[in-house]
Amino acid sequence: MPNDVLGRVIDSALRRVGGPEWSAEELAFTAKLQPTLQLKNPPALSTAKEIRRYQFNSQKYSSTDSGDVSWVTPLATLGVATWVPGTSAHSWQATAAGGTTIGVKGMIVAAKTLSLVVAQLYSNPEQIAAAKADFDKSRGAGFVYKTLIGDRPPPLDYRNNSSGADAG
């Protein structure tokens, strides 16, 4: 569940830090890697350092535990370029770029941004209160979080065969 207050704090901090700046060598690497993505209209390499206009609840959804966390505490996420624009997650191209200085520079931008966010929230309790108010408004009055597994313990022994059949 997105939190507009925290989203705006992250956006402000990211704009202060700026996007990653790639060297001529890194740009040469990305120019060689991008054609392997086999995209009809690949994004310009310069988009890696661009910071898009903030839009509330414009996030792309993916499989992540933060979805569950966002229902029990205010949460916002941050995305920074650590790959060649247009790269699919879990691809060899993501691994190739993420393990270079391209990935490191993106991680440094993210670390600086999150450090600024923490400093700003720490020094502005009013923003924390506003984030909590936004969170409470989004969840609605009387909301109680319930896990999908209910009140039973998690099935940590799911590999044990209780039916007596050969698991083979």
_Cβ-based exposure ranking for 26, 126, 50, in which fewest neighbours within 10 Å come first_ = 126, 50, 26
*Could you point to the label whose value was computed as Cα extents along the principal axes in Å for the structure here, given (i) 56, 36, 29; (ii) 58, 57, 27; (iii) 54, 40, 23?*
(ii)
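In what order do 22, 71 fall by count of nearby beta-carbon atoms within 10 Å, going from fewest to most? Before the final figure, lay out the partial values.
Values: 22 21, 71 15.
Ascending Cβ contact count within 10 Å gives the list 71, 22.
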*asked:* Run the reach check for residue 112 against lysines, Cα to Cα strictly under 16 Å, same-chain hits fewer than 8 apart removed. What comes back?
replied: 49
*asked:* If each DSSP helix of 4+ residues adds -39,500 (n - 2.57) and the sum is divided by the residues in the chain, what number results at 222 nm, nearest 500 deg cm²/dmol?
replied: -13500 deg cm²/dmol
*Provide 52, 152 in ascending order of the number of other Cβ atoms located within 10 Å of each residue's Cβ, fewest first.*
152, 52
*Among the lysines, select those whose C-alpha is under 22 Å from the C-alpha of residue 132, and discard any that sit fewer than 8 residues away in the same chain.*
146
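Each reported figure results from applying straightforward, stated rules to the coordinates on display, with no laboratory input. Computed from a prediction, not measured in an experiment: that's the story for all the values here. Positions of Cβ are backbone-derived with ideal geometry, glycine not excepted, and every protein chain shown enters the neighbour counts.
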